[in-house]
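Undergrad: Let me begin by handing over the structure; questions about it come next.
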Amino acid sequence: MADYTDITYEVDNGLATITINRPDRYNAFRAQTVDELVMAFKRAWVSSDVGVVCLTGAGDKAFCAGGDQKQRMETGDYGPSASGLFEVDALHRVIRDTPKPVIAAVNGLAIGGGHVLHVLCDLTIAADTAQFGQNGPRVGSFDAGLGSGYLARVVGEKRAREIWFMLRRLSAEEALDWGLVNKVVPAADLKAEVRAWADQMLDFSPTALKVLKQSMNTDTEHFVSIGSMAYSTLEIFGETPEAREGITAFNEKRKPDFGQYRGK
């Protein structure tokens with residue numbers, strides 16, 4: 001299980017740190033990255049040496065920039081996976097289901113699918129250099145399940161619509177004001193702050209924390225099935241000229257021309 005290529009996994013005094021290790025792609029994930037993340041979360045789930053999990057990104061530029069759009073442009077998908085499926089739904093599921101608190105340590109850009117990952121974590125601590133936002137409608141993509149419905153529970157309907165409809169990019173302090181993160185610290189202090197939060201939770205009953213997490217998840221569980229249905233739609237939509245225009249424009253570094261698709 002230690003043979004990771006796209007992530008790293010470390011355990012230190014009860015804290016498992018899962019790091020997306022693709023800084024040359026702003027820690028964007030391909031299918032293999034997702035497979036490894038799912039495996040790492042399950043590893044932390046069953047480990048008696050782990051009481052708290054931290055998800056972060058390598059380097060100081062990005063937490064995660066979402067799906068690897070260069071990979072998508074090159075191959076038409078996110079590359080090969082162990083099952084043959086792009087298991088991003090399974091990743092969302094395991095972050096929610098891991099019966100231990102999960103902290104997102106946002107060290108830079110949390111954009112698109114990377115933004116969804118931090119939202120799904122139980123707690124978010126951000127560096128003061130972090131930025132948050134969505135990108136889907138710009139590149140012909142969307143997240144109509146947890147990434148939007150659950151986001152509205154976190155920040156409220158109006159602000160969730162602003163994030164998705166306007167693709168508003170938020171600073172760390174704005175994200176704190178919106179209730180999107182729990183705390184903002186200087187970038188140099190991010191690791192120490194995560195350690196302090198983890199140490200506090202490690203003093204508590206693991207069963208109590210597990211049941212509390214499961215209880216709070218229950219109210220938003222229906223977004224999981226909505227997301228599965230929406231992902232089926234996204235697979236179909238991804239083959240349309242409209243979606244291809246979005247990804248092509250992104251990789252050509254130009255503004256997409258979606259005008260012809262209005263009114264349909």
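Undergrad: Out of the DSSP beta bridges found with both residues in the chain, what percent are antiparallel (nearest 5)?
TA: The answer is about 25 percent antiparallel.
Undergrad: Grab the other residues whose beta carbon is less than 12 angstrom from that of Ala187, score K and R as +1, D and E as -1, and report the net.
TA: So the environment of Ala187 carries a net charge of -2.
Undergrad: Could you derive backbone 3J(HN,Hα) for the stretch 27-38 from the dihedral phi with the Karplus parameters 6.51, -1.76 and 1.60 (θ = phi - 60°), listing whole Hz in sequence and x where the residue is Gly or Pro?
TA: So the J values, rounded to whole Hz, are 6, 5, 9, 9, 4, 5, 4, 4, 4, 5, 5, 4.
Undergrad: With viscosity set to 0.692 mPa s and temperature to 37 °C, compute the Stokes-Einstein D of the stretch 1-138, Rh being the Kirkwood radius across alpha carbon pairs; µm²/s, no decimals.
TA: For these conditions, the coefficient is 223 µm²/s.
Undergrad: If you keep only loop residues by DSSP, which chymotrypsin sites (Phe, Trp or Tyr not before Pro) in the stretch 171-251 have at most 14 other Cβ atoms within 10 Å of their Cβ?
TA: Answer by residue number: Phe204.
Undergrad: Moving on to the next point. Please give me the summed charge of the neighbours of Leu151: other residues whose Cβ is under 13 Å from its Cβ, Lys and Arg +1, Asp and Glu -1.
TA: Every neighbour counted, the sum reads +2.
Undergrad: Per residue, what accessible area does the stretch 1-118 have, given a 1.4 Å probe and all protein chains present, in Å²?
TA: That works out to 39 Å² for each residue.
Undergrad: Can you pull the percent of the stretch 104-177's accessible area that's carbon plus sulfur, 1.4 Å probe, other chains left in place?
TA: With neighbouring chains kept in place, the figure for the stretch 104-177 is 50 percent.
Undergrad: For the stretch 170-261, how big is the tail of P(r) above 24 Å, as a whole percent of Cα pairs?
TA: For the stretch 170-261, the share of Cα pairs beyond 24 Å comes to 59 percent.
Undergrad: Where in the stretch 37-57 is the amide nitrogen less than 20 Å from a point lying 7 Å along the Cα-to-Cβ axis of Asp199?
TA: What the label zone holds, given the 20 Å backbone N cut-off, is 49-55.
Undergrad: Does anyone have the angle between helix 206-218 and the longest principal axis of the chain? Alpha-carbon axes, 0 to 90°, nearest 10?
TA: So the inclination is approximately 30 degrees.
Undergrad: When the Kirkwood hydrodynamic radius is evaluated over all pairs of different C-alpha atoms of the stretch 99-147, what value in angstrom, to one decimal, is obtained?
TA: Across the stretch 99-147, the inverse of the average 1/r is 11.4 Å.
Undergrad: Still on this structure: Under a plain spin-label model, where a point goes 7 Å from the Cα along Cα-to-Cβ, how far apart in nm are Asp3 and Ala208?
TA: Once both label points are built, they end up 4.3 nm from each other.
Undergrad: Given the rule -39500 (n - 2.57) for each run of at least 4 DSSP H residues, summed and divided by the residues of the chain, what is its mean residue ellipticity at 222 nm, to the nearest 500 deg cm²/dmol?
TA: Mean residue ellipticity, 222 nm, calculated: -13000 deg cm²/dmol.
Undergrad: Let me understand the chain better: what is its radius of gyration from the alpha carbons, and its Dmax, in angstrom?
TA: For the chain, the Cα radius of gyration and maximum Cα-Cα distance read 17.8, 58 Å.
Undergrad: OK, next. Got the relative contact order for the stretch 115-264 handy, in percent, Cα pairs under 8 Å and 6 or more residues apart?
TA: 33 percent
Undergrad: In addition: Any chance you could give the angle, 0 to 90 degrees and rounded to 10, that helix 222-237 forms with the longest Cα principal axis of the chain?
TA: In the chain, helix 222-237 runs at an angle near 30 degrees to the longest axis.
Undergrad: Need the full-extension length gain, Lys70 to Phe237, defined as separation in residues times 0.36 nm minus the C-alpha distance. One decimal, nm.
TA: 58.3 nm
Undergrad: Within the stretch 100-118, name every residue whose backbone N is under 18 Å away from a label modeled 7 Å from Cα of Glu221 along the Cβ vector.
TA: Flagged as within label range: 100.
Undergrad: Provide the FRET efficiency to the nearest 0.05 for the Arg262-Lys183 pair, computing r from the beta carbons and using R0 = 45 Å.
TA: According to the calculation, E is roughly 0.60.
Undergrad: Using the Kirkwood radius built from alpha carbon pairs, what does the Stokes-Einstein equation give as D for the stretch 116-242 at 4 °C and 1.567 mPa s, in µm² per second?
TA: D, rounded to a whole number, is 79 µm²/s.
Undergrad: On average, how much accessible surface per residue is there in the stretch 211-264, in Å², for a 1.4 Å probe, leaving out ligands, DNA and RNA?
TA: I get 70 Å² per residue for this part.
The values are calculated or read from the model by the stated rules, or taken from the named source; none is laboratory data. Just so you know, these numbers come straight off a predicted model, no measurement behind them. Here the Cβ is made from the backbone with ideal geometry for all residues, glycine too, and neighbour counts use every protein chain on show. SASA here: full protein model, heavy atoms, side chains in, ligands and nucleic acids out. Shrake-Rupley method; radii C 1.70, N 1.55, O 1.52, S 1.80 Å.
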